Amino acid sequence: MPSVVVTLENTEKQQKLKIDPPSCGLSLQGRLRIPGDKSISHRALMLGALAEGVTTIEGLLLGADPRSTAECFSGLGAEISELNSQQIKVKGCGIGNLQEPDRILDAGNSGTTMRLMLGILASHPDRLFTITGDSSLVKRPMDRVIAPLTQMGATIWGRRSGSFAPLAVHGQQLQPIHYHSPIASAQVKSCILLAGLMVEGATTVTEPALSRDHTERMLKAFGAQLTVNPDTNSVTVFGPAKLQGQTVIVPGDISSAAFWLVAASIVPGSDITIENVGVNPTRTGILEAMAMMGADIQSQGERLVAGEPVADLRVRFSPLKACEIKGDLIPRLIDEIPILAVAAAFAEGTTTIRDAAELRVKESDRIQVMATELTKMGAKISELPDGLEITGGFPLRGAEVDSDTDHRIAMSLAIAALNAAGSTTIHRAEAAAISYPDFVGSLQQLIINN
Ligand code: S3P
């Protein structure tokens, strides 16, 4: 057990996470299993709710975001067992049979819940749905899904000319479209494909670069008719569809593994293995970026589990060097950019991250927040309109920093703190529970004092 390096202070609603590396140093050692993939967890609950029969989900992420999805779909009539075990059962309603809820649906902090659900609700004729979210989600743009849904004939009202939640949806019989999305977004793609399940004919989405394809994989497994054209980044769903309940085995979330990939790479003497990590090629941009930086990461025992590739990742400390992260790589590591900024702060040279303006409309403005908070720790980091520029090799010092209620910021700052001189306090660290409920437990498990 570590002598006190990590402490948590709970106030009524907020947590302060204090990280105080001993002056003799620490390292990370051992094997770790990480929580289930957030994107796959949302989709398993949603498709389970739309399918006929029972869906069994093993390894669902029991974090706040999937809980929001489960709450919403229970309100719509699906029977979902309590989210407290490794095996969750969903008794679905069948396509088109969700009920008009007698309450406001609350997507909490979860953009995926709100955007994917909008496609499902908009295509349920003659029902009225009202949807809201927390103080972060009501600031995030919903017009990116409302515009294509409106082209399909949807009726959706929202704040600021229909772009922001709270939203009201009056379900309609929608028409098929071929949507050319201006952004590579799995949430946009999935929203339209899910709407297309209820629509007579072929609904197609083409995106400028390939985003995560979990919806496509899972829809096929549930029996939907779907074609993928990898040459044009296009997907077509043929409706009306009929989905049949399945067993879904959720792999570990590579976006959660990313914190440990970077932590072990920057803390001297570290050698850890992260088990059962989802390594779907639309998500492995982090492995490519870390390889460019000279990280020592080995993928072991790659296998296919319920239609998704999975591997164990062994990572050992290795001096990092700067790299350039941009273009089509961005959608494949979009959620890992905050922790990559931490890796860059410890890498020799100047790392630039471009083409990532999307980060400004995530759970926080991740470009601005990472630049501000890492600057407090002494990093040389500056904002670009669409990314960050980080010059590594300047030692970080402990500081008082804040998550801005963003889970990935909270955890990224905690990893930076492991390699900083002196104590760091991360305010509003409770945000980590959105995607990684026992992040602090994992941290304590891996730390070995030198
Ligand atoms: C997600 C897609 C991505 C990602 C988010 C989860 C998903 O968002 O950032 O955390 O599950 O579809 P965008 O579609 O906005 O890029």
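The values are calculated or read from the model by the stated rules, or taken from the named source; none is laboratory data. Computed from a predicted structure; not experimentally measured. In this analysis, Cβ positions are derived from the backbone assuming ideal geometry, glycine residues included, and neighbour counts consider all displayed protein chains. Heads up: the accessible areas ignore ligands, DNA and RNA and are worked out on the full protein's heavy atoms, side chains in. Shrake-Rupley method; radii C 1.70, N 1.55, O 1.52, S 1.80 Å.
Quick check on residue 288: is it surrounded by fewer than 16 Cβ atoms within 10 Å (Cβ to Cβ), among the acidic types (Asp, Glu), at pLDDT 95 or above and in contact with a strand residue (DSSP E or B) (Cβ under 6 Å, 6 or more places away or on another chain)?
no
Scanning the stretch 49-68 for residues being of a type in the set (Gly, Ala, Ser) and under 13 Å from residue 116 (Cβ atoms) gives a total of 2. Being over 24 Å from the mean Cα position of the chain (by Cα), away from the ligand (no atom under 12 Å from the Cβ), at positive phi and touching a residue at least 12 places away in the same chain (Cβ under 8 Å) is a condition met by at least one residue of the stretch 190-210.
Is the stretch 81-98 home to any residue that is loosely packed, with under 14 Cβ neighbours inside 10 Å and within 24 Å of residue 428 (Cβ to Cβ)? No; the residues of the stretch 81-98 include none that is loosely packed, with under 14 Cβ neighbours inside 10 Å and within 24 Å of residue 428 (Cβ to Cβ).
Of all residues in the stretch 316-331, those that are part of a strand (DSSP E or B) have Cβ atoms under 7 Å from Cβ atoms of residues that are among the polar types (S, T, N, Q), 6 or more apart or on another chain, in 316/270; 320/265; 324/352.
For beta carbons closer than 7 Å, sequence separation of 6+ or different chains, a first residue in the stretch 34-50 that is on the phi < 0 side of the Ramachandran plot and within 13 Å of the ligand (Cβ to nearest atom) and a second that is open to solvent by 10 Å² or more (accessible area, probe 1.4 Å) and of a type in the set (Ser, Thr, Tyr), the qualifying pairs are 39/112; 42/112. Of everything listed in (1) within 16 Å of the ligand (Cβ to nearest atom); (2) more than 15 Å from residue 184 (Cα to Cα); (3) open to solvent by less than 20 Å² (accessible area, probe 1.4 Å), the single unmet condition for residue 217 is (3).
Tell me yes or no: at least one residue of the stretch 160-172 is under 17 Å from residue 363 (Cβ atoms), within 24 Å of the chain's Cα centre (by Cα) and more than 14 Å from the ligand (Cβ to nearest atom). Taking every residue of the stretch 160-172 in turn, at least one turns out to be under 17 Å from residue 363 (Cβ atoms), within 24 Å of the chain's Cα centre (by Cα) and more than 14 Å from the ligand (Cβ to nearest atom). Only residues that are within 16 Å of the ligand (Cβ to nearest atom), under 14 Å from residue 392 (Cβ atoms) and open to solvent by 10 Å² or more (accessible area, probe 1.4 Å) were counted in the stretch 338-382, giving 0. Restricting the search to the stretch 341-366, which residues are in contact with a Leu (Cβ under 7 Å, 6 or more places away or on another chain), farther than 17 Å from residue 402 by Cα and of a type in the set (A, V, I, L, M)? Answer for the stretch 341-366, where residues must be in contact with a Leu (Cβ under 7 Å, 6 or more places away or on another chain), farther than 17 Å from residue 402 by Cα and of a type in the set (A, V, I, L, M): 343, 345, 347, 353.
Working carefully through the options 245, 252, find the one that is touching a residue at least 24 places away in the same chain (Cβ under 8 Å), surrounded by fewer than 24 Cβ atoms within 10 Å (Cβ to Cβ) and of a type in the set (Gly, Ala, Ser). Write out each step before concluding.
Values: 252 fails: surrounded by fewer than 24 Cβ atoms within 10 Å (Cβ to Cβ).
Sole residue among the options that is touching a residue at least 24 places away in the same chain (Cβ under 8 Å), surrounded by fewer than 24 Cβ atoms within 10 Å (Cβ to Cβ) and of a type in the set (Gly, Ala, Ser): 245.
Just to verify a result, which residue in the stretch 156-166, among those that are open to solvent by less than 40 Å² (accessible area, probe 1.4 Å) and out of contact with any Leu (no Cβ under 7 Å at 6 or more places or on another chain), is modelled with the lowest pLDDT?
Taking the stretch 156-166 first, the residues open to solvent by less than 40 Å² (accessible area, probe 1.4 Å) are 156, 158, 162-165.
Right, trim to out of contact with any Leu (no Cβ under 7 Å at 6 or more places or on another chain) and you get 162-164.
On the way: 162: 92, 163: 95, 164: 98.
Among those residues, the one meeting the criterion is 162.
Identify, from the list 136, 181, 123, the residue that is small (Gly, Ala, Ser), touching a residue at least 60 places away in the same chain (Cβ under 8 Å), within 16 Å of the ligand (Cβ to nearest atom) and crowded, with 16+ Cβ neighbours inside 10 Å. Spell out how you get there, then give the answer.
Values: 181 fails: touching a residue at least 60 places away in the same chain (Cβ under 8 Å); 123 fails: within 16 Å of the ligand (Cβ to nearest atom).
Result: 136 is the single residue among 136, 181, 123 that is small (Gly, Ala, Ser), touching a residue at least 60 places away in the same chain (Cβ under 8 Å), within 16 Å of the ligand (Cβ to nearest atom) and crowded, with 16+ Cβ neighbours inside 10 Å.
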